[in-house]
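The values are calculated or read from the model by the stated rules, or taken from the named source; none is laboratory data. The structure presented is a predicted model; accordingly, all values stated were derived computationally and were not measured. So basically every Cβ, Gly included, is an ideal-geometry build from the backbone, and we count neighbours across all protein chains shown.
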Amino acid sequence: MRRLRLIIRCAVWLAVFASVGCGRKSVSQIVGGSRAAQSPSMPPITSAIQSPTIAPSVTPSPEAKPGQTASSDLANLETRVQPSVILVTVFDPRGNLLRTQSGFLISADGRFVTTARAIEGGVNAVVKTGDGGIYNVTGILAASKESDLAVLQADIKRAPFLGLQKNANLSSGARIVVIGSALAGNDGSARQTTIAVQQPDRLEIAGVTPASSIGSPVVNEAGEVVGLVTAVGQQTTARPATALESVLSRVAADTQAHWPATAETRPTPKPTPKPRLVYAPAPAFPPGISQFGRSGTGRFRLTFDANGSVTNVQVVQSTGNPYFDQAAIKTLQQWKSAPSQGWQATVPVTFQTR
């Protein structure tokens, strides 16, 4: 009996182990089957998880391009236009500085435009380009006080220049760009704006414009001149290119540039010999302009009264440096001659560092 019970008990335990073993095998097969069933769908899941990690590197790029393109276009336009924008320095009959204003070249041989107010009262001027070049202005070709525009000639052989937009059909809201001289620093940077009011003889420009922009060109996105800034402040105004064309039409092919006061101050031939100079010091270098290699040569006309004192010094040809011109004029005004009936003399002056 004891042996029979032992046999029966062993048989029961074997049955339990068998059932447990079969259960584990069954579960293992189910789990394995579940994995096998999901395996083909894993690649799409993996792709869906990875796609957001790629998107951030692609999405910002299209958003950044429009702003970068606009900024790049404005910078390219400034690079093209600014070499033609100049500063015009005007002197009075005594050689004193009157004013400096912007302008821009409209031909390769040095013809340029600025405001009529810039040259008012002047008998000589020099222009300075963005690369530091200084050139004498030979005279005025045409001017209009009504439109506040003037066309002058500079002694330049070859230079970049701007073209005028023919028959410009501008309207309020049209996009334009005002570009000043590179010598004006940040004030000369290209400024994109719009036309607030358009009239046949005047353009009103939206926003604030620096004072140094008077005389600067107003261009379209193609770099063509559509106007010239004539006033700034609470309201920026410009003359349209059509007004400039009207002034240019007055310049004939044989027109010679001249300064109005030049003919009035020319020396009158005298039958008697010119008296001798009794005091003629040489002009000294202006302070701070003594760097090696700085030089310039100019010609100045002196007018002496009956007592031998200099009453006027006129710049016939600039030295190319306004500081040299002022230093020469200051010294030449001290010259003395022997008493006479009054006379004039043209004196060459050269500044040269060693």
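May I ask you to say which residue of R80, R94, R99 is free of Cβ contacts under 8 Å to residues at least 40 places away in the same chain and either touching a Gly at 6+ places or on another chain (Cβ under 9 Å) or not in a strand (DSSP E or B) (or both)?
Details: R80 fails: free of Cβ contacts under 8 Å to residues at least 40 places away in the same chain; R94 fails: free of Cβ contacts under 8 Å to residues at least 40 places away in the same chain.
From the options R80, R94, R99, the qualifying one is R99.
Residues checked against (1) outside any strand (DSSP E or B); (2) at pLDDT 80 or above; (3) surrounded by 11 or more Cβ atoms within 10 Å (Cβ to Cβ):
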| residue | (1), (2), (3) |
| --- | --- |
| T255 | yes, yes, yes |
| E264 | yes, no, no |
| F300 | no, yes, yes |
| Q314 | no, yes, yes |
- request: Scan the stretch 101-128 for residues that are more than 15 Å from G139 (Cα to Cα) and within 16 Å of the chain's Cα centre (by Cα) and report the count.
  value: 5
message: Just the residues that are among the β-branched types (V, I, T) and either assigned to a loop (DSSP other than H, G, I, E, B) or touching a Phe, Trp or Tyr at 6+ places or on another chain (Cβ under 7 Å) (or both), please, taken from the stretch 206-228.
response: V208, T209, I214
task: Please tell me if S246 is closer than 17 Å to S84 by Cα and hydroxyl-bearing (S, T, Y).
output: no
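Filter the stretch 165-183 down to residues that are surrounded by 18 or more Cβ atoms within 10 Å (Cβ to Cβ) and modelled with pLDDT under 90 and give me whichever is nearest to the chain's Cα centre (by Cα). Let's see the steps before the verdict.
Start the filter on the stretch 165-183 by keeping residues that are surrounded by 18 or more Cβ atoms within 10 Å (Cβ to Cβ), which leaves 165, 168, 170, 176-183.
From the residues that got through so far, the ones that are modelled with pLDDT under 90 too are 165, 168, 170.
Numbers: Q165: 19, A168: 23, L170: 23 Å.
Checked the stretch 165-183; the qualifying residue nearest to the chain's Cα centre (by Cα) is Q165.
For residues that are polar (S, T, N, Q) and within 14 Å of the chain's Cα centre (by Cα), scanning just the stretch 203-232, find the one that is surrounded by the most Cβ atoms within 10 Å (Cβ to Cβ).
Going through the stretch 203-232, the residues polar (S, T, N, Q) turn out to be 209, 212-213, 216, 220, 230.
Pick out the ones that are also within 14 Å of the chain's Cα centre (by Cα) and you get 209, 212-213, 216.
Details: T209: 24, S212: 20, S213: 27, S216: 31.
Here the answer is S216.
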- request: Quick one: which residue in P160, P200 is surrounded by fewer than 19 Cβ atoms within 10 Å (Cβ to Cβ), of a type outside the set (A, V, I, L, M) and touching a helix residue (DSSP H, G or I) at 6+ places or on another chain (Cβ under 6 Å)?
  value: P160
message: Could you go through the stretch 175-183 and let me know if any residue there is among the small types (G, A, S), at positive phi and either in contact (Cβ under 8 Å) with a residue 12 or more places away in the chain or not assigned by TED's automatic domain parsing to the domain that holds G227 (or both).
response: no
field: Evaluation of V310 against (1) β-branched (V, I, T); (2) over 36 Å from the mean Cα position of the chain (by Cα); (3) surrounded by fewer than 15 Cβ atoms within 10 Å (Cβ to Cβ) (one fails), failing number
entry: (3)
